[in-house]
Amino acid sequence: MFLPESMSRVVIAGTKSRFSEVTDALYEFNAVHLIDHSNGSDDGFTIGKPHHYLTDVSQKLLVLKAMEKDLGIDPNKTESVLLENIDADISSGRIENIHAEVAVAVDERNKIAQHVASLKGQISCLKRLALLPINLELYSGYENLAVFVGNIKADPSKALDTLEKAEYFISFNEKDEGVVALFIDNKIKDKASIILSEFGYSEIVVPKIKGDPTSALPHIQNELSKAKSNLTNSEEKISSLCKKYGSIVVAGDERLSNIAKKGELPMRVATSEYSFVIDGWIPASKVESVRAGLREKFGNTVYFEVQETRGRSAEEEKTESRFKTPPSKWKNGSYGKHFEYPVSLLSLPRYNEVDPSLIIGFFLPLFFGFMVGDLGYAIPFIALGAYGLKHARSNDFQAISTVFFFGGIWAAIFGFFFFGEMIGIHFVGQATSTEVTWQSLLGIESYPSWFTDILIGGHGISKLEEVTFLLKLSVYVGIVHLFLAYILKFCNVKMRSGFKEAYLEAGGWMVVFIGMVIFCYAATRIIFSKGDLPIERSTMILLGAGATILVIGVVSCWPKEGILAVLELPGIVGNILSYARLTAIGMSKAGMALAFNYIAILLLAPKGVGGIIAGCIVFLVGHVMIWLLAIISAGLHSLRLQYVEMMNKFFIGGGTEYRPFGAEYKHIKTERETEV
């Protein structure tokens, strides 16, 4: 549960005549994580050549990916297709027929789009040329004259006057954007070009039409309107093709990608003229099923051997590099799986490292729920989380929904049993000049005894009045959270290097942490003793014990850490105090809720109908804002306490993901799934 699944390294060998059949069998088992063979690592063996069908599959894949792009298909919005149906579509040539139909529609769309762009360009040119008193046909058709027509940034009149036999027309609009038409002898056109370039000249392509530019505009604009209508129809046709064939295209891409993966297998394993050898990792729990499957299909003609079942200790130096690191396969139950993605955002756990998914799965929602701590805010969190877990497809929204749902459950538990409040209003108590309760709002004289019995203290904990208690509670929770991190670090190092190395690298910090906690606890009692003398003997004993343990811890850390063992001591105190944010964020939310409730219920509501309406608006807007802020503050700080304060102490990551050789289907349903 707290470690990636145990792995066994296996070797599968046989004659080359059985290679294709073994490939199909391993693909079906979907259990072997291949170890890529490298040329020169084994005498007489090299990597093989891809299967003959890979070229055809690759060409079809290119066609499918092109269709996905042309049709604008969103894979997350397509329906699943039966495996047997997509295989039939591929083998029957239906994919090629679909591509031909799509290609015609896309070509038509592209031609119309180009025509629309051309017409827009012509309209833009005509609007610029309308500033000049020249008909369009006069800009071309000369043998000895060069014609320059274009935009300019400044007036070039004085410079053009220096040219012989030059006729030009210049006009500027209200935005000081100029246009020029220059007619000049071909012999000096290069000189004219240099002069115009100094004034920011950029050429305008004159449309091949006749007449006055202003008169030609309506005809072009009418043609553009028709072209846009045709483009809309073409886009709608492509959209209908997307809906019609989207699922087939995506499923075909997925199916052929998996077939291509199978076709590439020979390039990853060792082959000789007559045999093949496959090295790989298999989860220890699946070794026997793979062995039995191969024996059933091939009898004794295929060799299968377990080379080792890798433990969690450090890899031996003499081990070949490609065999050193087993892949990491998550091993979490249905609950822990929800928190694998937050861990993977940092990195994949190593094979010989504790997987913190389940630990985060406990503390992350717990901290979130404690900071929200309100039954009223918890209900929408639970509802949105449940909806997201059922319907969200992306990993990001699944992770957010997970925090909403489970964090919302904790928020409801804390809000009802611990804080005893809903929407910032406590269940029990009498109204005051600044605060109301549900008991006073509903006119309840007294609650049933069972109701007050389930609330802490019979009335719940006030976030704004019992701050000292809540701060202490936050610090104690932080101590437990951080000490767990040091324990996990000790376990990780012990797995890799043994007890001695674990004590030197992690055990010393555990001792330092314990000593610092005891020392700070005693020092705090002295500081807040209000100068009472003499100081209690038990406090002095704790202070001395803490200091002694602290020194022992520093001495234990010194061989590995050196002076850092001393320099890091203030950081430990800072780490612990950072958990005070659990109370601080809860207090800020409670303070805002109190303010909005006071304005809406006590100030506005008593002032008649208008006051009631205004109060309802303030109440609704205020609490929606608090709820949204709770997402940001409680969510981010809950994550921060996991990533920065806890995981930073023990988690290294950098594991190799377990990727078994086999089919990975998201948009294809197999017969087994259909039966279920």
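Using a ≥ b ≥ c from the Cα gyration tensor of the range 285-441 (square roots of the eigenvalues), is it rounded, prolate or oblate, where a/c under 1.5 gives rounded and otherwise the larger of a/b and b/c decides, a/b for prolate? If you can, show how the numbers build up before the last one.
Working: a/c = 4.29, a/b = 2.92, b/c = 1.47.
Prolate, since a/c reaches 1.5 and a/b exceeds b/c.
Run the numbers for residue 42 and residue 190: contour at 0.36 nm per residue of separation, minus the present Cα-Cα distance, in nm.
Here the segment from residue 42 to residue 190 would lengthen by 46.3 nm.
Could you order peptides 400-410, 548-558, 486-496 by the average number of other Cβ atoms within 10 Å of their residues, highest first?
In descending order of packing, they fall as 400-410, 486-496, 548-558.
About the Cα centre of the range 1-83, how large is the charge dipole given +1 on each Lys and Arg Cβ and -1 on each Asp and Glu Cβ? Please answer in debye to the nearest 20.
140
Return the carbon/sulfur percentage of the accessible area of the range 480-565, one whole number, probe 1.4 Å, all protein chains in place. Mind showing how you got there, number by number?
Values: 3400 of 4710 Å².
Of all accessible area on the range 480-565, carbon and sulfur atoms account for 72 percent.
With r defined as the distance between the Cβ atoms of residue 393 and residue 88 and R0 fixed at 30 Å, what FRET efficiency is calculated, to the nearest 0.05?
So, using R0 = 30 Å, E works out to roughly 0.65.
Quick one: if the Förster radius is 56 Å, what FRET efficiency do residue 157 and residue 306 give, using the C-beta to C-beta distance and rounding to 0.05?
Plugging the Cβ-Cβ distance into 1/(1 + (r/R0)^6) gives 0.05.
Report, in deg cm²/dmol and to the nearest 500, the calculated mean residue ellipticity at 222 nm for the chain, where each DSSP H run with n ≥ 4 adds -39500 (n - 2.57) and the sum is divided by the residue count.
One gets -18000 deg cm²/dmol as the mean residue ellipticity at 222 nm.
So, in Å, what gap is there between the alpha-carbon centers of the range 15-55 and the range 154-183?
Each part's Cα centre sits 74 Å from the other's.
Too long at a 26 Å Cα-Cα cut-off: which of 472/560; 120/237; 65/243?
The answer is 472/560.
What length, rounded to one decimal in nm, is gained on full extension from residue 177 through to residue 659, with 0.36 nm per residue of separation minus their alpha-carbon distance?
Length difference between fully extended and current span is 167.4 nm.
Shape verdict for the chain, please, from the Cα gyration tensor: rounded (a/c under 1.5), prolate (a/b greater than b/c) or oblate. Numbers along the way, then the final one.
Values: a/c = 2.08, a/b = 1.32, b/c = 1.57.
Taking the square roots of the gyration eigenvalues as a ≥ b ≥ c, the chain is oblate.
For a test of the definition: using alpha carbon positions, the gyration tensor, and the 1.5 limit on a/c, classify the range 128-222 as rounded, prolate or oblate. Could you put the intermediate results ahead of the total?
Values: a/c = 2.33, a/b = 1.37, b/c = 1.70.
Because a/c hits 1.5 or more and a/b fails to exceed b/c, the range 128-222 counts as oblate.
If the cut-off is 21 Å between C-alpha atoms, which lysines fall inside it for residue 286, apart from same-chain ones fewer than 8 positions away?
Partners found: 262, 297, 324, 329, 331, 337.
If you roll a 1.4 Å probe over the range 160-202 with all protein chains in place, what percent of the accessible area is carbon or sulfur?
Working: 1300 of 2800 Å².
The nonpolar share, carbon plus sulfur, comes to 46 percent.
What whole-number value in Å² describes the accessible area per residue of the chain for a 1.4 Å probe?
The answer is 52 Å² per residue.
Need the full-extension length gain, residue 169 to residue 244, defined as separation in residues times 0.36 nm minus the C-alpha distance. One decimal, nm. Show your work: numbers first, answer last.
Working: separation 75, 0.36 × 75 = 27.00 nm, distance 5.68 nm.
Gain in length upon complete extension: 21.3 nm.
Given Cβ point charges of +1 (Lys, Arg) and -1 (Asp, Glu) and nothing else, what value in debye, to the nearest 20, does the dipole of the range 455-515 about its Cα centre take?
240
Suppose each label sits 7 Å from its Cα in the direction of the beta carbon; what would the residue 274-residue 145 distance come out to in nanometres?
If labels sit at residue 274 and residue 145, their model points lie 8.9 nm apart.
Expressed as a whole percentage, what fraction of the accessible surface of the range 568-652 belongs to carbon and sulfur atoms when a 1.4 Å probe is rolled over the protein heavy atoms?
80
Counting Lys +1, Arg +1, Asp -1, Glu -1, what net charge surrounds residue 425 among other residues with beta carbon under 10 Å of its beta carbon?
-3
Quick one: Cα centre-to-centre distance for the range 436-473 and the range 369-422, in angstrom?
22
Assign unit charges at the C-beta atoms only (+1 for Lys and Arg, -1 for Asp and Glu), then state the dipole size of the chain relative to its Cα centre in Debye, rounded to the nearest 20.
740
What's the ranking of 278-285, 2-9, 235-242 by average number of surrounding C-beta atoms within 10 Å, highest first?
Descending mean neighbour count gives 278-285, 2-9, 235-242.
Can you work out the FRET efficiency for the pair residue 442 and residue 334, with r the C-beta to C-beta distance and R0 = 30 Å, to the nearest 0.05?
For residue 442 and residue 334, the calculated efficiency is 0.15.
The values are calculated or read from the model by the stated rules, or taken from the named source; none is laboratory data. Because the structure is predicted, anything quoted here is derived from the model rather than measured. All Cβ positions, even for glycine, are placed from backbone atoms using ideal geometry, and neighbour counts span all protein chains on display. Accessible surface is based on the protein model in full, side chains and every heavy atom, while ligands, DNA and RNA are left aside. Shrake-Rupley method; radii C 1.70, N 1.55, O 1.52, S 1.80 Å.
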